[in-house]
1. Do we have B:Glu741 as more than 24 Å from the chain's Cα centre (by Cα) and more than 20 Å from B:Pro294 (Cα to Cα) here?
2. Looking at A:Arg121 and the list (1) within 14 Å of chain B (Cβ to nearest Cβ); (2) more than 16 Å from the chain's Cα centre (by Cα); (3) more than 16 Å from ligand 1 (Cβ to nearest atom), which single condition is not satisfied?
3. So, of the residues in region B:691-710 that are aliphatic (A, V, I, L, M) and either modelled with pLDDT under 95 or closer than 15 Å to A:Gly140 by Cβ (or both), which turns out to be surrounded by the most Cβ atoms within 10 Å (Cβ to Cβ)?
4. For A:Asp23, only one of the following conditions fails: (1) of a type outside the set (Ser, Thr, Tyr); (2) within 16 Å of ligand 1 (Cβ to nearest atom); (3) within 10 Å of chain B (Cβ to nearest Cβ). What is its number?
5. Looking at A:Cys138, A:Cys101, which one is away from ligand 1 (no atom under 12 Å from the Cβ), touching a helix residue (DSSP H, G or I) at 6+ places or on another chain (Cβ under 6 Å) and within 8 Å of chain B (Cβ to nearest Cβ)?
6. Could you check region B:650-694 and list, in sequence order, the residues that are more than 10 Å from chain A (Cβ to nearest Cβ) and either within 20 Å of the chain's Cα centre (by Cα) or among the acidic types (Asp, Glu) (or both)?
7. Is it the case that region B:31-42 has a residue that's closer than 30 Å to B:Ser356 by Cα, more than 9 Å from chain A (Cβ to nearest Cβ) and open to solvent by less than 60 Å² (accessible area, probe 1.4 Å)?
8. Right, B:Arg45: touching a His at 6+ places or on another chain (Cβ under 9 Å), away from chain A (no Cβ under 14 Å) and of a type in the set (D, E, K, R) or not?
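The values are calculated or read from the model by the stated rules, or taken from the named source; none is laboratory data. This structure is a prediction, so every number in the text was calculated from the model and none was measured. Counting neighbours? That spans all protein chains shown, and the Cβs are built from the backbone with ideal geometry, glycine included. Please note that ligands, DNA and RNA were not included when accessible areas were found on the heavy atoms of the full protein model with its side chains. Shrake-Rupley method; radii C 1.70, N 1.55, O 1.52, S 1.80 Å.
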Amino acid sequence: MAKLHVSTTINGEPMEFLCEHSDTMLDALRGPLGLTGSKEGCASGDCGACSITIDDRLICSCLMLAAEAEGHEIRTIEGMAHGEKLHPLQQKFLEMAALQCGICTSGMLVASDALLRKNPRPSEEEVRFWLAGNLCRCTGYDKIVRAVLETAAEMQEQGLKEFCQ
Amino acid sequence: MNVVTNNKWIGQRTIRPDGVDKVTGRAAFAADTNMPGMIWGKVLRSPHPHARIKSIDTSKAEALPGVKAVVTARDIVDFPVDKSVMLGIQDMRWMCRNVMAREKALFPGHPIAAVAATSEAIAAKACELIEVDYEVLPWAIEIDDAIKPDAPILHESLKFEGKPSNIAGRLEVKKGDVAEGFKQAEVVVERTFTTRPVHQGYIEPHACLVSVAADNKTTIWSSSQGQFMVRAMTAYLTGFPQSDIRAIPAEIGGGFGGKTIVYLEPLATLLAKKSGRPVKMVMTREEVMRATGPTSGSKSTVKIGAKKDGTIVAAQGTFYLQAGALPGSPIRGAVGCSFSPYDIPHVLSVGFDVLSNRSKVAAYRAPGAPIGAYAVECVLDELAEALKMDPLELRLKNAAKQGTKAAHGPVFPRIGYIETLEAAKAHPHYTAPLGKLQGRGVASGFWFNAGGESSAQVNITEDGNVVVTTGHPDIGGSRAAIANICAELLGIDYRRVSVLIGDTATVGFSNLTGGSRVLFASAMVVTQSTDKIIATLKERAAKIWEIDPEAVKWENGAAHPASPNAGEFPPLTLAELAAKAPAMGGPIGAGVQLNTEGAEGGFGTHICDVEVDTELGIVRVIRYTAVQDVGRAVHPSYVEGQMQGGVAQGIGWALNEEYIYRKDGKVDNPGFLDYRMPVCSDLPMLDTVMVEVPNPKHPQGVKGVGEVPLVPVMAAVANAVHNALGKRFYALPMSPPKVLEELEG
Ligand code: FES
Ligand code: FES
């Protein structure tokens, strides 16, 4: 079967790619699009390492068909920093050592960002349940949860709107 | 050696050198590298738990368009079963049979053949076209089934007590005379425990990319806990000389011991050689769960006897650990570590390495020690109860200290075990009130820690900054700690120090990232290299000032006259001396290679609170405090991180994680949905207390910290559950169905 041609927007840039009918969005990102920041930990929607947003909705890209990107807005970890300026969550993850091996980090950051856009001042419990679909085997989650809570507090204080368009 | 105090960078929570790459998605993990012309490798795996391989016909697969190469056991170097060939702690007899089944398939998921094709889909299709004639044999999965007299034997050549057996080995540790010791005991507790195999659970599946040139020069990109291990094992299994193989370490997405051996690299190398194309192989999660790791399941019996005043007089342990289908379970950790926190005059500890038709175990964080500690620390809890003693008091009364002869042999130097007990006792957590159906448990643990081979090269750049290259994959922040140390010694900002992990062609031999050895060993070689550089810098300053090098001191990133007598000169900074290097003897750099010694064991004591939902059978950990003697926390955040990560893994082991087997001998839950590792909403914050008793044999006082934190957890949780319910569980995991069964029974 001929490949499908897909036109979409990724991290604000118009993009085109070719894919098989059965390819997932994660396959397309990591393959033809060369965006390997999204990781494959399970390919079954259970680890969250492949988290992206489509039209601001948080999803596991391993559960979405690549062809479904047609006409939609995709955001990945590669679009999180503004040039050299890290997103406050990225900065806080670094400062608070909220990563060890780093394989879950892209997914954690994308998911946490999606949370703060929806709920700028989440409670610890809200953070824990929101991130329950993002597995981390290294950190025990402690520093990740703290980093998200702390970022939320600081963003509110400093009104860091530029990262929340 | 002097332990440096008043540090500027050591002990600081600096930003890790690889951090920005990892928060922006730039870091290249094993599956993130591609090459032009690259094709895909796939493994055909056995559907049977135990079967003789009568023949393999690959002709149809080879004829499929797009297929470029097929390999089977015939292509792998054979190490006959009657002669042991050791590479580190791995026996190549078993390793060659683990990467590819030879005479028999020994577990479902055991590789039978591998294919490389122009797409993953074609490679998978080709696997289906391979015809294997199996003679299906009876199998055994559990310990009791594997050691009963009429059990199906996995390896006829392995004998125990003169007969073919699934017991592949026995290890004994002995001190005093236990029979005599138990005669003196006034209270004796003896219990039997079981634990299930659990997977290391790294989120990154095994993956590699291999390119082989026409002259056999080979480049391997893969994520592992040792690029030199990858090189050596691939060389042994393919017959290539090590000098032809360059193993490049990708960033590693978790290992916990599970990436201390190879699975894919030799297969991809042979496929790349046959096809003339670079070959990429990536395991699925299901393959990871069926064919890699885990650690052993176990059956342990522990007996401890004490006087009425709490003095322990004798202890005995028997530990059966599952090896999986090929020998090599971590009995040394169970036998050697379990009783080490205590000063006990009479100890007998025996371990058995038991084969069965499961995937071969791999190292997992303090291999074997958590299994032993689970049994011992639960028995101690019962003993404390019988003696009406506080459980920390009982441990304090019998704690090992400087001069204690450990059951496993060594006499302890200055250790920090008592400090961990005292800190736990004094912690507000220990006396905080508990609610209904809540309980508190404590437990301790010990791990040997390791030294071994390490290499580093430290170079000063022309602009006066620093590049450090070491040979150990950084699995949880070691680069950050090394930057702190190097910056401290040179007296410069840590951001001027780049720390890289070299590949096998660019840095000297370095042993695995494992045994909690990385910072211990690499700090030693980096310190010695940096000291050499400082000596060179002082010599050069002395030459410029025309004074004696002895009269120069290095401080705050610059050479200064050591005293007014030496003369008065403005300081010469690192940047100034680097700029003058060409005229003054050339580049400034130094490398050191060592077989490091002096790694001292580590101890931890944990406090766990649980709450039990008696309707659903769910045990929730509601508060946790881990106390550990960490030697010196060079980068405290990553030490805490090790402690928290170990605790989380232990909670999973205690409460949920296990493989469920079907009647046909296959794992029924080979994925993250049903193999239930702790998720964020399962856990509370995990508090840590770092006790710093510096290792006197290390320039910065470093002790290994990565493995100890898993050791006490299962017992701490089990003791807490007992405290909550008044019932003891002797089997893990204490998952909801089992808790309900116990509550109803
Ligand atoms: S790879 Fe998509 S959830 Fe795991
Ligand atoms: S940091 Fe390794 S899995 Fe999260």
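1. On the way: more than 24 Å from the chain's Cα centre (by Cα): yes; more than 20 Å from B:Pro294 (Cα to Cα): yes.
Judged against the criteria, B:Glu741 is a match.
2. The one condition A:Arg121 does not meet is (1).
3. B:Val708
4. All conditions are met except number (3).
5. A:Cys138
6. Result: B:Trp653, B:Ala654, B:Glu657, B:Glu658, B:Asp664, B:Asp668, B:Glu692.
7. The answer is yes, given that some residue of region B:31-42 is closer than 30 Å to B:Ser356 by Cα, more than 9 Å from chain A (Cβ to nearest Cβ) and open to solvent by less than 60 Å² (accessible area, probe 1.4 Å).
8. yes
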